[in-house]
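Take a look at the structure below.
Only the coordinates and a few stated rules stand behind these numbers; no lab work does. Quick caveat: nothing in here was measured; it's all calculated off a predicted structure. Using ideal geometry, Cβ is built from the backbone for each residue, glycine included, and neighbour counts are taken over all protein chains shown.
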Amino acid sequence: MLAAMRLSSKLFVRTENCMKYPICNALSANAAKHCAALVVTENFEVGTRTLSKLAQPKETLRNGTLTFVSSKGRTFGITCKHVVQHYRDLTAASDKSAYSMRTMLNGFYVVMDRFKTPQPQYGDGPLDIAVREVMPEFIAKLGKEPFDLDACPDLPSQIRHGYAVGFPETLKRRVQSDPLGYKVSMPQLEVLAELRHTPTRRFQLVSEIGEPPKHSDFSGMSGGPIFWSTETEYGMLGITYEGDVGSDGRSIHIFGEFAARDTILDWIDQL
């Protein structure tokens, strides 16, 4: 059976204090333009060795998010190390050709495992980050664009909120089935939440929410961008590596690896 993936309507987690935090129009208009879903797919039909023409993005398979950035004419994809490690664990336990990492938008594009984990700053713990160079044509085919690090404004000294974007795997749904196959809808999730202070290393976004959300598992947002924003501009602040809803059901927590402009440039230099 053939399959295709499309992005459906975005979801936004509204926190109680979000109205006092500015989000510039360029970011709110299309917060996912710098990222895409990164899905683990099966290359063969279940129970057979028949090659699937288009590897199927089943609802049950894991996924993460891939963030695109550029600098000095080169483009890169960033995700979490644990997202790539999940793919590596699957291939190690089975036929190496049984699975692929792919990203898609009404089509299928293989993302080869050429990811490398950069070294952290002195005194910091291991990074849950994986980076690889990608072709700009690949990003353009997805209808995406890399975030231009060279044009990124300086991180404001008093930023007190972050805007996280990603593709939670629990929201993945099969939405169409016909003789030719089916489609899988994968809405993007956007979370605006508070910072306790301007970070310089791993940090947490946390805010109270007005009512318990319909979804409480944010697995799949890992690797997605966390932006800072003012009323007129925005920039990279971090990469999500974990997220959940508090035990009371009325608070949201997004955990990020610090990834401001200069930090990402350091990761790129290490490649």
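The phi torsions of region 85-102, fed into the Karplus equation with coefficients 6.51, -1.76 and 1.60 and a -60° offset, translate into couplings of 5, 4, 4, 5, 5, 5, 5, 5, 8, 8, 4, 4, 9, 6, 10, 9, 9, 9 Hz, rounded to whole numbers, with Gly and Pro shown as x. Once both labels are positioned 7 Å from their Cα atoms along Cα-to-Cβ, the gap between R174 and R114 label points is 3.5 nm. Suppose R0 equals 25 Å. What FRET efficiency, 1/(1 + (r/R0)^6) with r the Cβ-Cβ distance, do S247 and K20 give to the nearest 0.05? Between S247 and K20 the formula returns 0.45. Here the 3J(HN,Hα) profile of region 112-119, calculated from phi with Karplus coefficients 6.51, -1.76 and 1.60 at θ = phi - 60°, is 5, 7, 10, 7, 10, 9, x, 7 Hz, Gly and Pro shown as x. With a cut-off of 16 Å on the backbone N, the residues of region 231-262 near the modelled label site 7 Å out from A151 along Cα-Cβ are 232-236. Compute the distance in nm between two label points, each set 7 Å from the Cα along the Cα-to-Cβ direction, one at H82 and one at E231. Inter-label distance under the simple model: 3.9 nm.
Multiplying the residue separation of R74 and A140 by 0.36 nm and removing their Cα-Cα distance gives an extension gain of 22.4 nm.
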